[in-house]
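Here's the structure, in structure tokens; my notes come after.
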Amino acid sequence: MHNDQFSRHAQQVLTVARGHDLAQGPASDPSIARSWLRCLEDYHLDPAQTIAPTVLEQGRLLESRERLQQVLHIAGNEMNSLHQQLSGAGHAVLLTDARGVILNCVTAPSERKIFERAGLWLGADWSEAREGTNGIGTCLVERQSVTIHRDEHFRGRHTGLTCSASPVFDPHGELLAVLDVSSAREAVSRQSQFHTMALVNLSAKMIESCYFLRHFEHHWLLRFHLQAESVGLFSEGLLAFDGEGRICAANQSALNLLGHARSGLLGQPVEAFFDCSLDQLLSRASANATASWPLRTRSGRSLFAALRGQPRRLPTPITRPEKPPLAGICLGDPALQDDMRKALRVFERDVPLLINGETGCGKEAFAKAVHQASQRSGKAFVALNCAAIPENLIESELFGYRGGSFTGALKEGMRGKLQQADGGTLFLDEIGDMPVALQTRLLRVLEDRLVVPIGGEPQAVNVRIISATHRNLLERVQDGSFREDLYYRLNGLEIALPALRERSDKSQLLDFLLAQEAGERSVGLKPAARDVLLGYAWPGNIRQMRTVLRTLVALCDTSLIELEDVPASIRQVRSASSEPALSHSPLDDAERSALLATLEQQRWHMSHTAQQLGVSRNTLYRKLRKYDISRSSLAQR
């Protein structure tokens, strides 16, 4: 059976070589067709050949790993994290050197044999010249991210694999390694690889940035970006220079931001490109380079920068503006801070965000905060609630229409939400309630970047998408009410916002919302009122808390809200802190001590703490409530 399958695949490959049109086949992608032709004409490979990949002997493999020891060390944690983000099962995360030799592999122990049978061994040579078209080898030749899905492989024996690979470049722009995710599952569709490819690209960029920082840790290192909030993220520009101010290396983001080729930067004085002297630049340095400050290029472009190194004093000190905080959102919960950091990283790379959470938990506020912290903060943030607009109106709301295109249309027509968000961000709330017919049109817009208003002509749009839902979209995909291809297109990164009852910063959030609702007034809470509000479960989440606080502020005639002012329905649900404390058993005391020790060890990072304890984040929050553990309560003791 395998021989027949390999023969059919070999015939298909040979058909491409003879110049026949395979517009609908695996070689419809020009990069696949180019690779197949290289394999036949340059490497003289046989697509039906079934021999296993060449594997380096142990000594040569150890030498190869030794040469990339620093890269392997940096990539190790990122590969483990990537494997976890992909839900682990059915995936192998691989790192190769610039020749295509596998140097590290992360996969589930129970699946190691499956991938070894597919030829994914440590030391295996997966260069295109050896194994034909494949994720690793073709990525090395094309020097760009590629996905090779099943029949797109050159050799018939590899058609059971789906591989998404991204190049890793060194600080001088040379290929350093390839990061690859391979799957041997038959059910993997090419559409599902959009999500995988986005994660692989992000991880590869993280490895590049960390390697750059480590490689030049004894040099002056300038980090810069168009937005202050993006300094320190993987999209930042990195410029290394020596003690005389001569540029030693620059990453691709630095070249893009400065508008120069690498050859025009290397060896040049750094002050030739920035509107300040070398002494002024060095005076702003710090060992950790966490605070950013404005910096202009010689061409007049405004940037924000941070400089790593030991500062040199100037006679006149230079004041540093503080980094502006995110407005309109409270991020006291460490897990939420981590979610915001990840969301901004992927959003800056035009990866769509899907925010999931209960109704009223702040999905739109989170989306708006991501927009405001991004490079698009000066452009429009346009929100559309797909569940709040009648089905017969949502099409015109989203895509707009030309004047007179239907009965009742405005004479001058109307610009749709997609056009209004051009250059900025479109937030699609309750995306799970969008009609299926509109899902098809939205998918086409996301693919083609063209909007066709009702009765109008196609118009180009440059828009980034953040969508949100309280529904389980995978269940809606399975019951046919949501398109699978649109789901994978929107789900570049899924952020699960916690319910209000699960947040560790509930007290801080209460004060934050109260200050917003009070405006210029100074309104506080009596301790008894605060305890009741914090002890309430808030089934309506932040939206319900905000509404209650707005009412309390409106009815408050003094500067303090009393317990009696709180609605009776909330007062009847007493907080756990007002009940008599139960005596804990020795086992409970031991568990509480273990929780505190792990929290301190992980610096109160909830996701890391839950992972260290081997429990879910929800379980961790239940334990914290059980033992009345919070940062604020501990600080008051």
First measure r as the distance between the Cβ atoms of Arg8 and Ala380, then evaluate 1/(1 + (r/R0)^6) with R0 = 51 Å and state the FRET efficiency to the nearest 0.05.
0.45
Distance in nm between pseudo-label sites at Glu217 and Ser593 (7 Å out along the Cβ direction from Cα):
3.6 nm
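Test of understanding: what is the full-extension gain from Arg301 to Ala365, defined as 0.36 nm times their sequence separation minus their Cα-Cα distance? Don't jump to the answer; show the numbers that get you there.
Values: separation 64, 0.36 × 64 = 23.04 nm, distance 3.06 nm.
Full-extension gain reported as 20.0 nm.
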Would you kindly state the longest site-free stretch of the chain, with sites defined as GluC sites (Glu not before Pro) in a DSSP loop (not H, G, I, E, B) surrounded by at most 12 other Cβ atoms within 10 Å?
521-637
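At 222 nm, what helix-only mean residue ellipticity would the chain give, in deg cm²/dmol to the nearest 500, using -39500 (n - 2.57) for each DSSP H run of four or more?
Values: 26 runs with 253 residues, N = 637.
Using -39500 (n - 2.57) per qualifying helix, the result is -11500 deg cm²/dmol.
If r is the Cβ-Cβ distance from Asp42 to Arg471 and R0 is 60 Å, what FRET efficiency results, to the nearest 0.05? Don't jump to the answer; show the numbers that get you there.
Numbers: r = 51 Å, r/R0 = 0.85.
According to the calculation, E is roughly 0.75.
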When the charge dipole of the chain is computed with +1 at the Cβ of Lys and Arg and -1 at the Cβ of Asp and Glu, the Cα pointing farthest to the positive end, of Pro26, Leu613, His225, is that of His225
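Counting other beta carbons within 10 Å of each Cβ, put Cys105, Cys361, Cys139, Cys276 in order, fewest first.
Details: Cys105 20, Cys361 25, Cys139 30, Cys276 17.
Going from least to most buried by this count: Cys276, Cys105, Cys361, Cys139.
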At a Förster radius of 45 Å, what calculated FRET efficiency corresponds to the Cβ-Cβ distance of Asp279 and Gln459, to the nearest 0.05?
0.30
C-alpha center-to-center spacing [segment 190-225, segment 230-246] in angstrom
14 Å
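If you count the DSSP beta bridges with both ends in the chain, what percent of them are antiparallel, to the nearest 5? Working shown, then result.
Details: 48 of 69 bridges.
Among the beta bridges of the chain, antiparallel pairing accounts for roughly 70 percent.
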With each label point set 7 Å from Cα along the Cα-Cβ vector, what nm distance links Gln337 and Arg571?
3.7 nm
Quick one: Karplus J couplings for segment 362-368, per residue in order, coefficients 6.51, -1.76, 1.60, θ = phi - 60°, nearest Hz, x for Gly and Pro?
x, 5, 5, 4, 5, 4, 5
C-alpha center-to-center spacing [segment 481-496, segment 519-568] in angstrom:
38 Å
So which lysines can Lys526 reach, going by Cα to Cα under 17 Å and dropping same-chain residues fewer than 8 places off?
Lys506
The lysines whose Cα lies under 29 Å from the Cα of Lys379, excluding any fewer than 8 residues away in the same chain, are Lys205, Lys323, Lys342, Lys363, Lys368, Lys411, Lys417
Euclidean distance between Cα centres, segment 68-131 to segment 252-297, Å
36 Å
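Order these by the 10 Å Cβ neighbour count, fewest first: Thr96, Thr138, Thr290. Walk me through the numbers on the way to the answer.
Numbers: Thr96 28, Thr138 32, Thr290 11.
Going from least to most buried by this count: Thr290, Thr96, Thr138.
Is the shape of segment 67-200 rounded, prolate or oblate, going by the alpha carbon gyration tensor and its root eigenvalues a ≥ b ≥ c, with a/c under 1.5 for rounded and a/b larger than b/c for prolate?
Working: a/c = 1.39, a/b = 1.17, b/c = 1.19.
Rounded, since a/c falls under 1.5.
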Full-extension gain between Arg622 and Ser286, please, as 0.36 nm times their residue separation minus the C-alpha to C-alpha distance.
116.9 nm
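Where does each of Ser283, Ser522 land when they are ranked from fewest to most other beta-carbon atoms within 10 angstrom? Spell out each step's value before the answer.
Working: Ser283 18, Ser522 9.
With the fewest neighbours first, Ser283, Ser522 line up as Ser522, Ser283.
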What does DSSP give for segment 352-496 in terms of the percent of beta bridges that are antiparallel, rounded to the nearest 5?
20 percent
Out of these labelled values of Cα extents along the principal axes in Å, (i) 84, 79, 48; (ii) 87, 73, 66; (iii) 72, 61, 47, which was calculated from the coordinates shown here?
(ii)
Using +1 at the C-beta of Lys and Arg and -1 at the C-beta of Asp and Glu, which of Ala568, Gln459, Asn491 has the Cα lying farthest in the positive direction of the dipole of the chain?
Ala568
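Compute the relative contact order of segment 216-308 as a whole-number percentage, counting only Cα pairs closer than 8 Å that sit 6 or more residues apart in sequence. Present the calculation step by step, with values, prior to reporting the outcome.
Working: 170 pairs, mean separation 28.5, N = 93.
Taking the mean separation of contacting Cα pairs over the length of segment 216-308, I get 31 percent.
In debye, nearest 20: dipole of the chain around its Cα centre with unit charges on the Cβ of K, R (+) and D, E (-)?
Working: 72 positive and 72 negative charges, 174 e Å.
So the magnitude is around 840 debye.
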Percentage relative contact order, segment 501-578, counting C-alpha pairs under 8 Å, at least six apart
41 percent
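Only the coordinates and a few stated rules stand behind these numbers; no lab work does. A quick note: this is a predicted structure, and the numbers were derived from the prediction, not measured. Cβ atoms come from the backbone with ideal geometry, glycine included; neighbour counts cover every protein chain shown.
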